[in-house]
Amino acid sequence: MTTTGFYETVERVFHDWHYDHPRVLGAFIRSLRPSVVVEIGTYRGYGAAYMARALQENNHGKLYCFDNFSLLDHTTRYGDARTHWESNLVACGVRDWAELIVGDTDKVTWPEKVDFAYIDGWHGYLATLHDF
C-alpha cells in the first residue's frame, strides 16, 4: 500500500472517530525508530494504525497493543471490538506490524523491554500510574 493509499484508507476507516494525536504518534515513531512500541488502550486501532504504519515505513519494530475491551459503549455501532480492531488494521495494510494482547495490563505478559509507550487506557490517575 502506498503512503497516499494508507492515508486515504485510514481516514475512510476512521471517518467517524477523528482526532489528531495518532498522526503525532506516527511522526514520533518515524523519527525515534523504536524497536518495541506499546499502546495501552488500543480499542478501535486508530492510533495503532498510524504507529504500525510508521514501523512499516521504518521497516523496523513491533507494536504491542494492550486492551481488555471492557468499554462497551460502541458495541451496537461497531460490533465486537477485537474483531473491529483486527479488520481496521487489515484494511489499513499494517496488521503484520502489530500484536494484540487482550487482558488487563497487570495480568498479561509484556515485552521484555519497551522503547516507546503510549498510555491511553483507563484515564484515571492510579490506572495510568500503574501502566507507567
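Every residue in segment 98-132 that is among the hydroxyl-bearing types (S, T, Y), part of a loop (DSSP other than H, G, I, E, B) and within 16 Å of the chain's Cα centre (by Cα), please.
T105
Return the total of residues in segment 87-108 being modelled with pLDDT of 90 or more, open to solvent by 60 Å² or more (accessible area, probe 1.4 Å) and under 15 Å from G41 (Cα atoms).
3
So which pairs qualify, if the first residue must be in segment 13-35 and in a loop (DSSP other than H, G, I, E, B), the second must be modelled with pLDDT under 85 and open to solvent by 70 Å² or more (accessible area, probe 1.4 Å), the Cβ gap must be under 9 Å, and the two must be at least 6 apart or on different chains?
What qualifies is D16/R77.
Can you find a residue that is among the charged types (D, E, K, R), more than 17 Å from G47 (Cα to Cα) and open to solvent by 50 Å² or more (accessible area, probe 1.4 Å) anywhere in segment 121-132?
There is no residue in segment 121-132 that is among the charged types (D, E, K, R), more than 17 Å from G47 (Cα to Cα) and open to solvent by 50 Å² or more (accessible area, probe 1.4 Å).
Report, ordered by the first and then the second residue, all pairs with beta carbons closer than 6 Å, sequence separation of six or more or different chains, a first member in segment 100-117 that is within 19 Å of F69 (Cα to Cα), and a second member that is part of a loop (DSSP other than H, G, I, E, B) and of a type in the set (A, V, I, L, M, F, W, C).
I101/V108
Please work out which residue is modelled with the lowest pLDDT, limiting yourself to segment 24-56 and to residues that are surrounded by fewer than 14 Cβ atoms within 10 Å (Cβ to Cβ) and under 15 Å from the mean Cα position of the chain (by Cα).
Among them, the one singled out is V24.
Does any residue in segment 66-86 that is modelled with pLDDT of 80 or more come within less than 7 Å, Cβ to Cβ, of a residue that is hydroxyl-bearing (S, T, Y) and in a helix (DSSP H, G or I) six or more places away or on a different chain, and which pairs are these?
From segment 66-86, the pairs are H84/Y78.
The values are calculated or read from the model by the stated rules, or taken from the named source; none is laboratory data. Given the structure is predicted, the values throughout are model-derived calculations rather than measurements. When we count neighbours, we look across all protein chains shown, and the Cβ atoms used for this are built from the backbone with ideal geometry, even at glycine. Side chains are part of the model used for accessible areas, which takes the heavy atoms of the whole protein and leaves out ligands, DNA and RNA. Shrake-Rupley method; radii C 1.70, N 1.55, O 1.52, S 1.80 Å.
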